[in-house]
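First up is the structure itself, then whatever we jot down about it.
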Amino acid sequence: MRKNSIAACWTRLLAWAAVFLLLSGCTTLVPQTMALRTGWPDGVPQQVELAQVPFFPQADYQCGPAAIGMALAYSGVAIDPDALVDEVWLPARKGSLQVEMLATPRRHGRVSYRLAPRYADLLREVAAGNPVVVLQDIGFIGSAWHYAVVNGYDYATGTILLRSGVQMRQRMSFTAFERTWFQGGHWAMVVLPPGKIAASATEERWLQSLLGLARGGDVEATVQAYAAALQRWPDSLPAAVGLANHLHARGSLQEAAGVLRTALQKNPQSVIVLNNLAQTLSDLGQHAEGLALLDRADDGQSPFASEVRATRALIEGRMRP
């Protein structure tokens, strides 16, 4: 009897230990889901579904082109996901890398913004009408990387809605979704028209994303994006300089000068603003005013001192007979 009692006791202890480990494992694997139960993001509705997000079922291994195609189409780009295969899909890997996923929308005049790795930011974007492209590990044994589009959620039932694979409306629990999502570092991105800013964007991270858009070569889209950023963060010096640079690049010199004059009022000691405004005014034929600004920017310790010297040489050369 005693041996049986000891065995039963050990069985109960092991059972409780298993339950404890299981619960501990859930908390460790899905900490953000656990946090949502007691700290739902402020201002975010508890149920959203973006039913207008188009659905492109994926071909073999080609979840990347399908996911980016859905996000691009929703942002207003007329696109055939098959046409994206060469841009996104790497045959040798039978998949798509995140760098290609971020770069492709920029070639179509759209802003790619990588979200901070937070569940709350993903929910905030969907609530703002922005479907979110996510990277998941859906493998049961070993990793199986997969891109899908989150287009809805329901807090009451704890459900995430996705356009995924060949499923137009896949439902996953908050917990199951995070288990697939955290393996890739909670990687997520949105694709937006240049005049719209991500709901969860910070000034620094958003302006970083605009550098990528600028490298895509669409000057008009870049101008729109910087103009929207400056409207959102009116005291942002990098946004003002970026907007002025791209206005200058498209030949809108008067507009560029206007942006720089406003920036100079807010940042009267900025060497880069003084230098850029001086060159823009010289480009408009106002050489003397440009040189006067360079006199204010003449700081040998500035990291832009060489640019100031080059601009002065340019203007003085234009003033010679």
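The values are calculated or read from the model by the stated rules, or taken from the named source; none is laboratory data. Keep in mind that what you see is a predicted model, and the values were worked out from it rather than measured. Glycine gets a Cβ as well: all are built from the backbone with ideal geometry, and neighbour counts include every protein chain shown.
Within region 48-68, residues that are modelled with pLDDT of 90 or more sit with their Cβ atoms under 7 Å from residues that are among the basic types (Lys, Arg) and surrounded by 14 or more Cβ atoms within 10 Å (Cβ to Cβ), at 6+ positions apart or across chains, in these pairs: VAL53/ARG163; PHE55/ARG163. Taken together, LEU207, LEU211 contain a single residue that is surrounded by fewer than 18 Cβ atoms within 10 Å (Cβ to Cβ) and under 13 Å from the mean Cα position of the chain (by Cα), which is LEU211.
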